[in-house]
Protein chains: 2
Amino acid sequence: MVENDGPQLREAVEALAPHTGRAQIVGITGSPGVGKSTTTSALVGALRARDRRVGVLAVDPSSPFSGGALLGDRVRMGEHATDDGVFIRSMATRGKLGGLAWSTPQALRVLDAAGCDVVLVETVGVGQSEIEVVGLADTTLVLLAPGMGDGIQAAKAGILEIADVLVVNKADRDGAAQTVRDLRYMVSLGARTDAADGGDVQERWTRPIVRTVAARAEGIDKLVEAVDAHRDWLDRSGEGARRRTRRAEAEIQAVALRRLQDRLGDLGGAAALPTLAARVGSGELDPYAAADALIEALGADGRG
Amino acid sequence: MVENDGPQLREAVEALAPHTGRAQIVGITGSPGVGKSTTTSALVGALRARDRRVGVLAVDPSSPFSGGALLGDRVRMGEHATDDGVFIRSMATRGKLGGLAWSTPQALRVLDAAGCDVVLVETVGVGQSEIEVVGLADTTLVLLAPGMGDGIQAAKAGILEIADVLVVNKADRDGAAQTVRDLRYMVSLGARTDAADGGDVQERWTRPIVRTVAARAEGIDKLVEAVDAHRDWLDRSGEGARRRTRRAEAEIQAVALRRLQDRLGDLGGAAALPTLAARVGSGELDPYAAADALIEALGADGRG
């Protein structure tokens, strides 16, 4: 229902609202090939061994080529397929603006209300939308692997600062120690930045760096400990409530903007988007004047 | 002015409108480390040798850590720094929804009006926003490198289907032939998909696969030829006009949605976003009802 965005979705989301707010949302991100699916699968195993109910959302940019068929994710998750305590879903955006931003919070809401203790959100890639999606998490794991691109590349891609826990996967490979050293340096830079903003130092969270070999489940217990410690810190520091409110803000805004976008696209006559776009394309009209026309036709120009 | 989004921007964009529509916008994307900056720099050199005026936009997700300071891009572009026929700018999104989607078209508009023959847009990462940005281009180059992740990974990241030209950079490395074979297979899959949709087969564009070693400028002339051939095809097939209109649509919509988003954030009282978010966070309200309240307060509910 979330993916089809049908009329029943609204009803379901209304009914679920009172049952939400319990699950810990854990985002898992990093460059392609770093081992996100393997790590996710290993985490599911470790969490199930602790009797936690687990949801998994694998978020992929839409691909007409792959259509999910080339993805090995679901295959790799196969060992958990018959476990009632695990729910796994691959979600693709449909190319609509704010696609992931819109559907991911809704899906999280469903898994939360369904009684998951932990929901793992695995995102492919390290782009801005993925950062936005992972920004919705309570706890964000950023995965790196030796030789996949060093700390500088990770900083360049803008993913280090969203990490609550840094994971160096494939830690049995050459260069792992160097990657850990790079990360420690980056974390120390970040700590100094944090300290400069004058917040409460006692309740500060210092990002742990965990080494794993997910394919052999090595280091996964330590990773679960780090995730649990972060959840405790979220509760203790009040940051957890702040992130839940931030997630709700993003969700409300995404629903409202999607509705407004639909209405913009539905406008006819001189305010029809293709008509305006043709005039802007030819240089006859500028995009601001075109946007004014859209907003006026929508009745949201404050003059209606 | 584009980056600061001040009041003069609108005036400037209005004045520039009649002078736009001439430049070929060339998007350059691929995973971190694949050699995008080196390739961009080599392309600038080759285009300048052909006496073309060149603009370069390097689009990075914002990073409080790096703040651009860790980026080597501008350093690597140094050889072009004193050439009046080249304009180079790194742009960072400021974390606002639709940040790149909003500022990139505006910046392209400025460079187009300034008389650039070609504008190269280099995006870091392979995420959804980057795909959206590159989707604004007339011609999209997707870079891969042997051993950086194979064709399957590229398909997984959703970047193959946006390519007009596929570039295997670092083609002197082991595995280059395999990467080319993988891509050829993917392109053949895509061609069959295209053929199935019943369009005009004669005017179809077959994605070329170009091997380069950008660091030594090898293959760059062939790459320029492929870019030129694509521009000719855009003109001949009418696809160029279609893409310009699509770009204008995206631009108008981004300006309108950003303005609506600002208004949503400015609402006060019971419709204030933090107030609604706190109620949604506690489960008292569902996000649809909250979005209704926002839209109603905006006067865009069609009932005002």
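If we keep just the residues of the stretch A:227-256 that are small (Gly, Ala, Ser) and surrounded by fewer than 20 Cβ atoms within 10 Å (Cβ to Cβ), which is nearest to residue A:36 (Cα to Cα)? Filtering the stretch A:227-256 for residues that are small (Gly, Ala, Ser) and surrounded by fewer than 20 Cβ atoms within 10 Å (Cβ to Cβ), the one nearest to residue A:36 (Cα to Cα) comes out as A:229.
Taking helices (runs of 4 or more DSSP H) as the structural unit, those lying wholly within the stretch B:231-304 and holding at least 1 residues that are more than 8 Å from chain A (Cβ to nearest Cβ) and polar (S, T, N, Q) correspond to B:273-281. Residue check: is residue A:118 open to solvent by less than 10 Å² (accessible area, probe 1.4 Å) and modelled with pLDDT of 90 or more? Yes: the conditions hold for residue A:118. I want to confirm something. Restricting to the stretch A:17-33 and keeping residues that are at pLDDT below 85 and surrounded by fewer than 24 Cβ atoms within 10 Å (Cβ to Cβ), which single residue is farthest from residue A:215 (Cα to Cα)? So, considering only residues that are at pLDDT below 85 and surrounded by fewer than 24 Cβ atoms within 10 Å (Cβ to Cβ), the one farthest from residue A:215 (Cα to Cα) is A:32.
No other residue among A:191, A:171 is in a helix (DSSP H, G or I) and either modelled with pLDDT under 90 or over 28 Å from residue A:238 (Cα atoms) (or both) apart from A:191. Test residue B:287 against the stated conditions and say whether it is in contact with an Asp or Glu (Cβ under 9 Å, 6 or more places away or on another chain), free of Cβ contacts under 8 Å to residues at least 24 places away in the same chain and open to solvent by 50 Å² or more (accessible area, probe 1.4 Å). The answer is no for residue B:287.
I need a count of the residues in the stretch A:12-49 that are farther than 30 Å from residue A:176 by Cα and within 9 Å of chain B (Cβ to nearest Cβ).
Of the stretch A:12-49, the ones farther than 30 Å from residue A:176 by Cα are A:12-23.
Within this subset, residues satisfying the condition of being within 9 Å of chain B (Cβ to nearest Cβ) are A:13-21.
Residues in the stretch A:12-49 being farther than 30 Å from residue A:176 by Cα and within 9 Å of chain B (Cβ to nearest Cβ): 9 in total.
The values are calculated or read from the model by the stated rules, or taken from the named source; none is laboratory data. None of the values given here were measured: they were computed from a predicted structure. Using ideal geometry, Cβ is built from the backbone for each residue, glycine included, and neighbour counts are taken over all protein chains shown. Accessible surface areas use protein heavy atoms only, side chains included; no ligands, DNA or RNA. Shrake-Rupley method; radii C 1.70, N 1.55, O 1.52, S 1.80 Å.
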